[in-house]
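The values are calculated or read from the model by the stated rules, or taken from the named source; none is laboratory data. A quick note: this is a predicted structure, and the numbers were derived from the prediction, not measured. FYI the Cβ positions are ideal-geometry reconstructions off the backbone, even for glycines, and counts take in every protein chain you see.
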Amino acid sequence: MKLSVRRATLADLDTVMALETSGFAPGIVEDRAVFAQRIAVFPEGFLLAEETGKPPCGYFCTEIWMDWDVCDPARFDLGHDIADWLNRQGEMLYLASMTIAPQQRGTGLGRRLFRAGLDQMAQTFPHLREALLIVNEHWQEARKIYASEGFGEIARLPAFFQPDGGPMGDAIVMTRFL
């Protein structure tokens, strides 16, 4: 099926939250207010994936920064304020969050959304030079996608992911030139 990507709106918050809570463990789920702010402040950076004739099946949420310092991991914190670092003239694209509906896992949709999201952001902001993301060390399938798309590990943030009742995991910081 054809995958289309469109900007999320505040009217999509229920869908975004359903994807978020089904995609992440309690304790690492973003609050509704955080997503509302991200959509309101940077709508061109919050994308929804849809297959023809079906409801949204994933999202791709980004920020643009001027730069980043490995000694400043607070930018990655759950619930951080996008307005603190957002700069549309920046050259660093940060993939803040991405997930797909559980029933879509293993179908290739995650890779298609990842590519489509990166492509759309690079077209919308042609001055972007680098993409940055973090991934839980335990999320093997996501790590495979990112590595196969040219992202390489540059740092780790120890015990960054702390899901309720689950194992803590390091955040692997990965980058790629665009």
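So which of 21, 62, 9 is buried (at least 19 other Cβ atoms within 10 Å of the Cβ) and of a type in the set (S, T, N, Q)?
On the way: 21 fails: buried (at least 19 other Cβ atoms within 10 Å of the Cβ); 9 fails: buried (at least 19 other Cβ atoms within 10 Å of the Cβ).
Of the residues listed, the single one that is buried (at least 19 other Cβ atoms within 10 Å of the Cβ) and of a type in the set (S, T, N, Q) is 62.
Check off (1) farther than 27 Å from residue 167 by Cβ; (2) assigned to a strand (DSSP E or B); (3) not hydrophobic (A, V, I, L, M, F, W, C) for residue 67 and give me the number that stays unchecked.
(2)
Have a look at 177, 125, 161, 151 and point out the one that is modelled with pLDDT under 95 and either farther than 19 Å from residue 56 by Cβ or surrounded by fewer than 18 Cβ atoms within 10 Å (Cβ to Cβ) (or both). So that I can check it myself, show each step before the final result.
Working: 177 fails: modelled with pLDDT under 95; 125 fails: modelled with pLDDT under 95; 151 fails: modelled with pLDDT under 95.
After applying the criteria, what remains is 161.
What number of residues within segment 1-50 are assigned to a loop (DSSP other than H, G, I, E, B), among the aliphatic types (A, V, I, L, M) and touching a strand residue (DSSP E or B) at 6+ places or on another chain (Cβ under 7 Å)?
The number of residues fulfilling the criteria is 3.
Which is closer than 26 Å to residue 126 by Cβ and within 15 Å of the chain's Cα centre (by Cα), of 66, 92, 17?
Details: 66 fails: within 15 Å of the chain's Cα centre (by Cα); 17 fails: closer than 26 Å to residue 126 by Cβ.
92 is the lone residue from the list that is closer than 26 Å to residue 126 by Cβ and within 15 Å of the chain's Cα centre (by Cα).
So, in segment 127-162, exactly how many residues are touching a residue at least 40 places away in the same chain (Cβ under 8 Å), under 17 Å from residue 71 (Cβ atoms) and not aromatic (Phe, Trp, Tyr)?
The total comes to 5.
Do you know which residues across segment 75-105 are in contact (Cβ under 8 Å) with a residue 24 or more places away in the chain, in a loop (DSSP other than H, G, I, E, B) and either over 17 Å from residue 35 (Cβ atoms) or touching a His at 6+ places or on another chain (Cβ under 7 Å) (or both)?
Of everything in segment 75-105, those that are in contact (Cβ under 8 Å) with a residue 24 or more places away in the chain, in a loop (DSSP other than H, G, I, E, B) and either over 17 Å from residue 35 (Cβ atoms) or touching a His at 6+ places or on another chain (Cβ under 7 Å) (or both) turn out to be 88, 89, 90, 91, 105.
Among the listed residues 79, 53, identify the single one that is under 14 Å from the mean Cα position of the chain (by Cα), on the phi > 0 side of the Ramachandran plot and surrounded by fewer than 18 Cβ atoms within 10 Å (Cβ to Cβ).
Only one candidate passes the filter, namely 79.
Here are some residues: 117, 110. Which one is modelled with pLDDT under 95, crowded, with 19+ Cβ neighbours inside 10 Å, touching a Ser or Thr at 6+ places or on another chain (Cβ under 9 Å) and assigned to a helix (DSSP H, G or I)?
Every option except 110 fails the conditions.
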